[in-house]
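The values are calculated or read from the model by the stated rules, or taken from the named source; none is laboratory data. These numbers were taken from a predicted model, which means no experiment stands behind them. So basically every Cβ, Gly included, is an ideal-geometry build from the backbone, and we count neighbours across all protein chains shown. When the accessible area is computed, the model is the full protein with side chains, heavy atoms only, and any ligands, DNA or RNA have been set aside. Shrake-Rupley method; radii C 1.70, N 1.55, O 1.52, S 1.80 Å.
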Amino acid sequence: QEQLVESGGGLVQPGGSQRLSCAASGIIFSMYAMGWYRQAPGEQRELVAVITLGGRSTVADSVQGRFTISRDHAESTAYLQMNNLKPEDTAVYYCYAAGPSGTYWGQGAQVTVSS
């Protein structure tokens, strides 16, 4: 069964860092692009970062220079490293895998940036 399990998240102070993980099972990880969306209360969903099968990554302008996406094929896991976090980064972060048999979603991870 295809499954994405997210870990990480929680409360962090402004300027702090967090890393989200997205562990995939039931899919051929190397055949799927991976990424994260986020959604804050009352806001539209925003695409934060994407990494292709070959490892080419793109991040949103709003997180450029602060967030990095990576993937580990041996672990079938994608990572979102978030540095210099700001209160406006507060949201639920959802990882996804897009590939041959469709798109799958993680359960979401709450990230709250507050002092």
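For segment 1-53, averaging the sequence separation of C-alpha pairs within contact (under 8 Å, six or more residues apart) and dividing by the residue count gives a relative contact order of 30 percent.
Highest mean packing first, where packing is the average number of other Cβ atoms within 10 Å per residue, the peptides 39-48, 22-31 line up as 22-31, 39-48.
Applying the Kirkwood pairwise sum to the alpha-carbon positions of the chain produces a hydrodynamic radius of 14.0 angstrom.
Per-residue accessible area (protein heavy atoms, 1.4 Å probe) orders Glu88, Glu2 as Glu88, Glu2, starting from the largest.
As a fraction of the 1.4 Å probe accessible area of the chain, surface on carbon and sulfur atoms comes out at 46 percent.
For the chain, what relative contact order do you get, as a whole percent, if you take Cα pairs closer than 8 Å and at least 6 residues apart?
Numbers: 285 pairs, mean separation 42.0, N = 115.
Here the relative contact order equals 37 percent.
Could you let me know the centre-to-centre spacing of segment 24-47 and segment 60-115, using Cα atoms, in angstrom? Rounded to whole Å, the Cα centres lie 7 Å apart. Counting only protein heavy atoms and using a 1.4 Å probe, the accessible area of Val5 comes to about 70 Å².
Using a probe of 1.4 angstrom and keeping all protein chains present, the accessible surface of the chain works out to 52 square angstrom per residue. Seen from Val12, the other residues with C-beta closer than 15 Å to its C-beta sum to a net charge of +2, counting Lys and Arg as +1 and Asp and Glu as -1.
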